[in-house]
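Engineer: This is the structure I have questions about; it appears just below.
Every number here is computed from the coordinates shown, using simple stated rules; none is lab data. Worth saying up front: this structure is predicted, and the values here are computed from it rather than measured. Here the Cβ is made from the backbone with ideal geometry for all residues, glycine too, and neighbour counts use every protein chain on show.
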Amino acid sequence: AGSGVALLTVDQTFGTVTDVLMAQSCGNAILDNSTLDALRRWRFKPGSAARVQVPITYTLMGVSY
């Protein structure tokens, strides 16, 4: 469990994510790397945003009966 903030750089012509980094780590390298891998696949409307901050929160879900 943990929370962090990812910072995306978006290509204005194509809307593709050209760079992504963790501005604030989730506190777990595996979660951070999974976050970065997922966000690299995001697409935006061309010209809509050059930089996007994405807050991330992970929670632990236990078994419930």
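Engineer: Give me the pairs, please: first residue somewhere in the range 38-55 and β-branched (V, I, T), second residue anywhere and assigned to a strand (DSSP E or B), beta-carbon distance under 6 Å, and either six or more positions apart or on two chains.
Structural biologist: Here the result reads V52/L8; V54/A6, each pair linking the range 38-55 to a residue that is assigned to a strand (DSSP E or B).
Engineer: Sticking with this structure for a sec: List the strands (runs of 3 or more DSSP E) that sit entirely inside the chain and contain at least 3 residues that are loosely packed, with under 14 Cβ neighbours inside 10 Å.
Structural biologist: 17-24, 51-58
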